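Below is one structure; the comments refer to it alone.
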């Protein structure tokens, strides 16, 4: 069932992103064309600089709009599930966990693809005047991956994926809390979003304060371990790898808590309009 849900999610994501994606490609191609006309052919006329500035501004606005539309479309699909569309979606033979998983996987995947798409558009705009720079960037990227090693590169990718998942799960939990209110669901979801952020900041400060005041021996031991690790062969790489492991573990724990709370609310307290 999860495959069918994912197929629906990706189809909806494509329909949401296609129009603005086409616009972004068109603007990127126009910027590349103006770069060719200006840099290689020496084409100029009276208002050419104004046209270039306007085109660059429109491209920047579209760049930001692509990110906003991507996030908004992914969040809106979850919000619609708890609205009138829930009467259709939630009668399918799928658990609430499968619904959340399908929307989360699609959201994270489309966000990553959006980053890749915007990077490709950036290279398209810069390609006519920076072919050598583009080739150098590819060489440097390959060299960085080779120096890090495949395990560290995969761990870094996992860290990014888990971080994106936190953003969406935080938003999903806010929407789930907002769905408990029969009136003003959107307003309640927005308030819950910022309230959860405030609570997370307070909890993180309390944890830091507790560790700093009650776990001096642990901090001293950790500092000595870090010093010995950095002084060992390939110490910086080992420290980087260990930091990624620790940060990824923390992100995974946060994802698990957000997931469980969201699933519990939607399973036991589901309140469709």
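The values are calculated or read from the model by the stated rules, or taken from the named source; none is laboratory data. Every value quoted in this text rests on a predicted model; they were computed, and no experiment measured them. So basically every Cβ, Gly included, is an ideal-geometry build from the backbone, and we count neighbours across all protein chains shown.
Checking each residue of region 58-74 against the condition of being closer than 30 Å to residue 183 by Cα, at pLDDT below 90, out of contact with any helix residue (DSSP H, G or I) (no Cβ under 8 Å at 6 or more places or on another chain) and assigned to a helix (DSSP H, G or I) gives no match.
Residues in region 173-187 that are buried (at least 23 other Cβ atoms within 10 Å of the Cβ) and either modelled with pLDDT under 90 or more than 15 Å from residue 75 (Cβ to Cβ) (or both): 179 only. Residue count for region 181-214, restricted to those that are in contact with a helix residue (DSSP H, G or I) (Cβ under 7 Å, 6 or more places away or on another chain) and not in a helix (DSSP H, G or I): 1.
Each row is one residue, and each column tells you yes or no for (1) farther than 29 Å from residue 78 by Cβ; (2) at pLDDT below 90; (3) touching a helix residue (DSSP H, G or I) at 6+ places or on another chain (Cβ under 7 Å).
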residue	(1), (2), (3)
224	yes, yes, no
241	yes, yes, yes
254	no, no, yes
259	no, no, yes
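Among the residues that make up region 10-22, is at least one of them in contact (Cβ under 8 Å) with a residue 12 or more places away in the chain, farther than 21 Å from residue 168 by Cα, surrounded by 15 or more Cβ atoms within 10 Å (Cβ to Cβ) and touching a helix residue (DSSP H, G or I) at 6+ places or on another chain (Cβ under 7 Å)? Yes, region 10-22 has at least one match.
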